[in-house]
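The values are calculated or read from the model by the stated rules, or taken from the named source; none is laboratory data. Predicted, not measured: the structure shown is a model, and the values here were computed from it. So basically every Cβ, Gly included, is an ideal-geometry build from the backbone, and we count neighbours across all protein chains shown.
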Amino acid sequence: MTETQQTEEELFCIGCGARIQTTDKEALGYTPNSALKKGLETGQLYCQRCFRLRHYNEISDIKLNDDDFLALLNQIGDSDALIVNVVDIFDFNGSLIPGLHRFIGDNPVILVGNKVDILPSALNPNKVINWIQKEAKEHGLHPVETMLVSAKKGNSVDELLAVIERERKGRDVYVVGVTNVGKSTLINRIIKQTGILDSDVITTSQFPGTTLDRIDIPLYEDDHALIDTPGIMHAQQMAHYLHDKDLRLIAPQKRIKPKVYQLNEQQTLFLGGLARFDFIQGARHGFVGYFDNELYIHRTKLENADQFYAKQLGDMLQPPHPEDLADFPELQRYEFSTKQKSDLVFAGLGWITLPENVVVAGYAPKGVSVMIRKALI
């Protein structure tokens, strides 16, 4: 019998219960053919995600489709657990899990804003926390604690662990988040900082398929665990429209340096080919942009902007790249008038700080949020 035939007979990972497959590296149960052969010979068949956790203490991010993610949320709602919801500070609205509050029942939530290390140094963290709490409340989420951390640098992770221990009250802890928020990086940081895991880190599933969407990490001594859950690709994330090589533009690795653009009305800024800003009406003013330091920004006249975009998209205006243009959606326009100093936010990409009494428009791929808020700086 061939390995392919055996896989078709539904082999399961003995670590998490996921159905073994050898075709999609980003999906649940992926196992390279070489590892599949060895696992069948030894009887120790792990998916790649479990193998890396077991041998290297590393969690990797895996994507779920909408139906599987809905099943996961229902599973969490039926549990008595503490929920740690990781969001991207830079893309808060795009990284919220739609309807999370309806699925978690009475389980408490700790809301964790990740990537604090890349925020501009002038930004007051308390303002960010207040804004996150306000937005969460408007989406029906009432966290028992809101924290800012850097999973990459380790900022405030010890404080987060203390809050988790205070709030979990002898329960399991589910860590949830959409893709690209740094959930897996945070779990890896927790694993390294606790330093208590051994080679038996993965809870073995006795009933293959029953723990299809989770990995239990026995972090506590009371038979409860920190539970890693796969992420879902949120349709309102800018990442949905980017090639892997461009994800750095929405996941900056260095602290963002603000850039000032002195604009007259009827001028336009293109943010690569991903987004657009029109200064429609108002006095000449300096507009401050907060984007990845490598994002190409081009200034032109508003009257020429449509023609310029059509001609230069995929060429001067990248990303997207020429090979990605067929799948790149049209930009959708949103117009705003300001009464106070405000931020025009392009979800996942950054924001531009606006003065009072101006009329502007922001464009982003259809489905990606463009919104206005009270200025954080």
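Can you name the residue in region 346-377 that is assigned to a loop (DSSP other than H, G, I, E, B) and within 17 Å of the chain's Cα centre (by Cα) and, of all such residues, is surrounded by the most Cβ atoms within 10 Å (Cβ to Cβ)? It would help to see each step written out before you state the result.
Of region 346-377, the ones assigned to a loop (DSSP other than H, G, I, E, B) are 347-349, 355-358, 366-369, 375-377.
After this cut, where a residue has to be within 17 Å of the chain's Cα centre (by Cα) as well, the list is 347-349, 367-369.
Values: 347: 26, 348: 29, 349: 24, 367: 16, 368: 27, 369: 18.
Of everything passing the filter in region 346-377, 348 is surrounded by the most Cβ atoms within 10 Å (Cβ to Cβ).
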Somewhere in region 149-171, is a residue small (Gly, Ala, Ser), surrounded by fewer than 16 Cβ atoms within 10 Å (Cβ to Cβ) and touching a Phe, Trp or Tyr at 6+ places or on another chain (Cβ under 9 Å)?
-> yes
Any residue in region 323-337 that's within 27 Å of residue 279 (Cβ to Cβ): show its pairings with residues that are of a type outside the set (Lys, Arg) and in a helix (DSSP H, G or I) at Cβ separation under 7 Å, as long as the two are six or more apart or on different chains.
-> 328/241; 329/241
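Quick one: would you say residue 127 is among the basic types (Lys, Arg) and either part of a loop (DSSP other than H, G, I, E, B) or within 25 Å of residue 165 (Cα to Cα) (or both)? Walk me through it before giving the result.
On the way: among the basic types (Lys, Arg): yes; either part of a loop (DSSP other than H, G, I, E, B) or within 25 Å of residue 165 (Cα to Cα) (or both): no.
It is false that residue 127 is among the basic types (Lys, Arg) and either part of a loop (DSSP other than H, G, I, E, B) or within 25 Å of residue 165 (Cα to Cα) (or both).
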Residue 87 vs (1) assigned by TED's automatic domain parsing to the domain that holds residue 174; (2) modelled with pLDDT of 85 or more; (3) farther than 18 Å from residue 230 by Cβ: all pass except (3)
Which residue, of 294, 265, is surrounded by 13 or more Cβ atoms within 10 Å (Cβ to Cβ), assigned to a loop (DSSP other than H, G, I, E, B) and not assigned by TED's automatic domain parsing to the domain that holds residue 185?
-> 265
Do any residues in region 158-185 that are at pLDDT 90 or above have Cβ atoms under 7 Å from those of residues that are among the basic types (Lys, Arg), where the two are at least six apart or on different chains, and which pairs are they?
-> 175/183
